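Notes follow once the structure below has been shown.
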Amino acid sequence: MKPQQILELFIDLVAEVADALSDLDDWGHSGARPDQYNHDVVADKVLVDGLLTAGFRVLSEETGLLGEGELIVVVDPVDGSTNASRALPWYATSLCAVDEHGPLVAAVANLSTGDRFRAI
């Protein structure tokens with residue numbers, strides 16, 4: 001997959017995360033880990049499922065290393081989880097595809113404001 005295609009996938013997945021979180025009623029702790037919130041779990045599922053389906057390996061803050069593939073995508077599903085739980089508008093989804101040379105493609109999207117940052 002070319003870098004621009006990876007970036008487009010990231011943007012699509014961020015939109016899916018935003019949609020999934022818009023339906024979430026409970027932004028409290030998940031109960032699985034002391035520092036994990038329900039929104040972390042919801043966002044992680046969307047991202048991991050989408051990235052594995054696209055053929056990537058995934059290293060997620062929430063679920064660890066999963067899948068097989070040439071490229072690995074490092075994911076923080078909700079960077080700023082505590083802010084999100086308190087309705088503070090500073091929380092984002094962060095994704096970075098890494099190859100044998102280092103970072104290849106990255107996207108960070110503030111889920112509250114819609115601000116997006118990307119790099120190839």
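The values are calculated or read from the model by the stated rules, or taken from the named source; none is laboratory data. Keep in mind that what you see is a predicted model, and the values were worked out from it rather than measured. Here the Cβ is made from the backbone with ideal geometry for all residues, glycine too, and neighbour counts use every protein chain on show. Protein only, heavy atoms only, side chains kept; ligands, DNA and RNA dropped before computing areas. Shrake-Rupley method; radii C 1.70, N 1.55, O 1.52, S 1.80 Å.
Quick notes on this one:
- Test: Val105 is under 23 Å from Pro3 (Cα atoms), open to solvent by less than 40 Å² (accessible area, probe 1.4 Å) and in contact with a strand residue (DSSP E or B) (Cβ under 6 Å, 6 or more places away or on another chain): yes
- Candidate set from region 9-28 (those that are more than 14 Å from the chain's Cα centre (by Cα) and without any contact (Cβ under 8 Å) to a residue 12 or more places away in the chain); member that is farthest from Asp115 (Cα to Cα): Asp25
- Ala15 being at pLDDT below 95 and outside any strand (DSSP E or B): no
- Answer from Leu47, Leu52 - the residue that is assigned to a helix (DSSP H, G or I), in contact (Cβ under 8 Å) with a residue 24 or more places away in the chain and among the aliphatic types (A, V, I, L, M): Leu47
- Candidate set from region 77-90 (those that are of a type outside the set (Gly, Ala, Ser) and open to solvent by less than 30 Å² (accessible area, probe 1.4 Å)); member that is farthest from the chain's Cα centre (by Cα): Val78
- Listing of strands (runs of 3 or more DSSP E) fully contained in region 75-120 that carry 2 or more residues being within 20 Å of Gly55 (Cβ to Cβ): 92-99, 102-110
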